[in-house]
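Engineer: First, the structure itself, so that you have it in front of you.
Here, each number is a calculation from the coordinates, and none is a lab measurement. Source: prediction; values computed, not measured. When we count neighbours, we look across all protein chains shown, and the Cβ atoms used for this are built from the backbone with ideal geometry, even at glycine.
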Amino acid sequence: MKKLNGIHHVTAITSSAEKIYDFFTNILGLRLVKKTINQDDINTYHLFFADDIGSAGTDMTFFDFNGASQAIKGTNEIAKTSFRVPTNQAIDYWKKRFEKYEVTHFEIKEMFGRKTLEFRDFDDAEYVLFSDESIKGIDSGIPWQKGPVPNEFGITGLGPIFFRVNNLELMNSVLTNQLFFDQISKENSYILYETGLGGNGAAVIVEYRPDLAVARQGYGGIHHVAFRVDEKTDLDDWISVLNKIGAPHSGHVDRFYFKSLYTRLYPGMLFEFATEGPGFIDDEEDYETLGETLALPPKFRGMREKIEKLVRHIETKRSDKVYNKEYID
């Protein structure tokens, strides 16, 4: 069985599409590469923030479900998203940037030999920056070339995804026996697992917290995590694996920008397998205009007039703007 390539994307829930657009664009310097709808709930936006060209393994995406309550953090949840930056110096830059923009953050610390910086957004969602310095593994993406963050400090992709659990034996079995991750290292209450070529972009960190109440999903929390596979035939292989172990799954789901498969292997966590392509540069938007229009997969384009009445307009045009790269003393 071919191993998973790494992390494909993370999808979370936000209280405000407008605020998350501002936070990810103007503070984090990630590029909005697709403004579309939740294909299972057309009343809801689905925003994709990624690297300069929308590479697999770089995108954090958001739903803004109407009437959602705030997430209650706890155990048995996908707890934190992390992002990769190229160097330890970049971590220092981000601490100063968060101070300038009054973003809630914590002290720089080392975790599994990597320099890290934890921070929060306006919904109290949990994030961590991981330095790639001296860490080998799967390649990262390209920082947003026209964004506000200097390229040498820019976010280049997704880092380790944190799972917070109360059943360590079950989660270890899911990761090693069912998803074929390798256990790499232990550090206090954390365990590091890697897949594929390894490194920050192909890692999961499990935190053992049996003392906490079970989490409840809502805004400020994570909806699901997706793992990278090369192509549709790999999804076929994973369907065979899931059938063999008796795990429920969605079967093939065509998301247009990639093809997917969904399953639940641990309570409270939704896992997706997603193909590397075809990606976000398509017949509706070219490189220069990614994320600027309400983009719709072909099966929804006949419903455009209805959809545009359901989702409010959000201004996301940036091709006519010039962001000055911000160096912070």
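Engineer: Being touching a Leu at 6+ places or on another chain (Cβ under 8 Å) and surrounded by fewer than 22 Cβ atoms within 10 Å (Cβ to Cβ) is the requirement here; does Ala215 meet it?
Structural biologist: For Ala215, the condition - touching a Leu at 6+ places or on another chain (Cβ under 8 Å) and surrounded by fewer than 22 Cβ atoms within 10 Å (Cβ to Cβ) - is not met.
Engineer: Related question: Any residue at all in region 278-289 that's under 24 Å from Ile161 (Cβ atoms), surrounded by 20 or more Cβ atoms within 10 Å (Cβ to Cβ) and either in contact with a helix residue (DSSP H, G or I) (Cβ under 8 Å, 6 or more places away or on another chain) or not hydroxyl-bearing (Ser, Thr, Tyr) (or both)?
Structural biologist: For region 278-289, residues under 24 Å from Ile161 (Cβ atoms), surrounded by 20 or more Cβ atoms within 10 Å (Cβ to Cβ) and either in contact with a helix residue (DSSP H, G or I) (Cβ under 8 Å, 6 or more places away or on another chain) or not hydroxyl-bearing (Ser, Thr, Tyr) (or both): present.
Engineer: Consider Glu194 carefully, then state whether it is surrounded by 21 or more Cβ atoms within 10 Å (Cβ to Cβ), charged (D, E, K, R) and under 20 Å from the mean Cα position of the chain (by Cα).
Structural biologist: yes
Engineer: Could you list, in sequence order, the residues of region 88-124 that are under 19 Å from Asn188 (Cα atoms), β-branched (Val, Ile, Thr) and more than 19 Å from the chain's Cα centre (by Cα)?
Structural biologist: Ile108
Engineer: Counting only residues that are touching a strand residue (DSSP E or B) at 6+ places or on another chain (Cβ under 7 Å) and loosely packed, with under 15 Cβ neighbours inside 10 Å, which one in region 160-186 is nearest to Glu77 (Cα to Cα)?
Structural biologist: Filtering first and then ranking leaves Leu170.
Engineer: Would you point out the residue of region 50-72, among those that are assigned to a strand (DSSP E or B) and either in contact with a Lys or Arg (Cβ under 6 Å, 6 or more places away or on another chain) or among the small types (Gly, Ala, Ser) (or both), that is surrounded by the most Cβ atoms within 10 Å (Cβ to Cβ)?
Structural biologist: Ala50
Engineer: How many of the residues in region 225-258 are part of a strand (DSSP E or B), crowded, with 20+ Cβ neighbours inside 10 Å and not small (Gly, Ala, Ser)?
Structural biologist: 5
Engineer: Turning to a different aspect of this structure: Out of the residues in region 11-49 meeting the condition of being in contact with a strand residue (DSSP E or B) (Cβ under 8 Å, 6 or more places away or on another chain) and in a helix (DSSP H, G or I), tell me which one is surrounded by the most Cβ atoms within 10 Å (Cβ to Cβ).
Structural biologist: Applying the filter and picking the extreme gives Ile20.
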